[in-house]
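The values are calculated or read from the model by the stated rules, or taken from the named source; none is laboratory data. Quick caveat, the model's predicted, so the values are computed rather than measured. All Cβ positions, even for glycine, are placed from backbone atoms using ideal geometry, and neighbour counts span all protein chains on display. Just the protein is used for accessible areas: all its heavy atoms, side chains included, with ligands, DNA and RNA removed. Shrake-Rupley method; radii C 1.70, N 1.55, O 1.52, S 1.80 Å.
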Amino acid sequence: ALTVGAVVVAAIIGIALRTLNAYGVFTDITPGFAGSCTAVAGLQGPEDIAIDKPSGLAFISVFDRRAAAAKAWSSQDGLYVLPLAGAAKPVKLAGAPSDFHPHGISLLRDAGGLTLMAINHRRDGTSSVEIFTVALAPAVKLANVGSIEGGQLVSPNAVAAVDRARFYVANDHGSTGPPRR
């Protein structure tokens, strides 16, 4: 019994150590950022950021989940643009659907210009991927090109644009129901 008990305890300790190692508990990280950070105030619930280096712009998706959980959807939800240079403030972009609460976003620059894809968590509990073209001049503007929805968008969290019509989506759960979630 002592031998079996010792083997079981050793196995549990081994599994625990392996799990902690897989989660990076024993990993040292050397700081490598020599710059400085500046907080951007005024946005409740920033979800994702996509940078367009050629234009020097950051696109930010904002979805106030706390307000949504209380069934008090925020009018602040949407896509914002922020110039990376200077002390500008984020500006909300027009052109999104009226029931638009973005999560993950992906920005694609190709010969045809800029395309921005955003996961949209609608008030009725369904989700879609909204596809926009982005005009940079004379001011940054969105034009909604289309919306993709369907059974494969179970609990979409992130989107990665492949081209103007194709993308990958990561669902953070395989089911929408609490017991199977």
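Observations, loosely collected:
- In order along the range 48-65, the Karplus-derived 3J(HN,Hα) couplings, from 6.51 cos²θ - 1.76 cosθ + 1.60 at θ = phi - 60°, round to 8, 9, 10, 9, 10, 4, x, 8, x, 10, 10, 9, 10, 8, 10, 9, 7, 5 Hz, and Gly and Pro are given as x.
- Partner lysines for LYS53 [C-alpha distance under 25 Å; skip if fewer than 8 residues away on the same chain]: LYS89, LYS92, LYS141
- Put the Cα centre of the range 1-43 next to the Cα centre of the range 60-130 and the gap is 33 Å.
- For the range 116-162: relative contact order, % (alpha-carbon pairs under 8 angstrom, 6 or more apart): 37 percent
- Scaled to the globular estimate 2.2 N^0.38 Å, the Cα spread of the range 1-61, given as radius of gyration, is 2.18.
- Against the empirical curve 2.2 N^0.38 Å, the C-alpha radius of gyration of the range 90-181 lands at a ratio of 1.13.
- Each Cα pair under 8 Å and six or more residues apart adds its sequence gap; the mean of these over the residue count of the chain is a relative contact order of 12 percent.
- In the range 50-97, Rg over Rh equals 1.07, where Rg is the alpha-carbon radius of gyration and Rh the Kirkwood radius from pairwise Cα distances.
- With Cα atoms as the point set, the chain shows a radius of gyration and Dmax of 21.3, 79 Å.
- Sequence-separation-based contact order of the range 86-136, relative, with Cα cut under 8 Å and 6+ spacing, percent: 28 percent
- Using alpha-carbon coordinates, inclination of helix 2-22 to the longest axis of the chain, degrees: 20 degrees
- Sorting 123-129, 1-7, 46-52 by their mean Cβ neighbour count within 10 Å, with the most densely packed peptide first, gives 46-52, 123-129, 1-7.
- For the chain, accessible area per residue (1.4 Å probe, heavy atoms of protein chains only), Å²: 64 Å²
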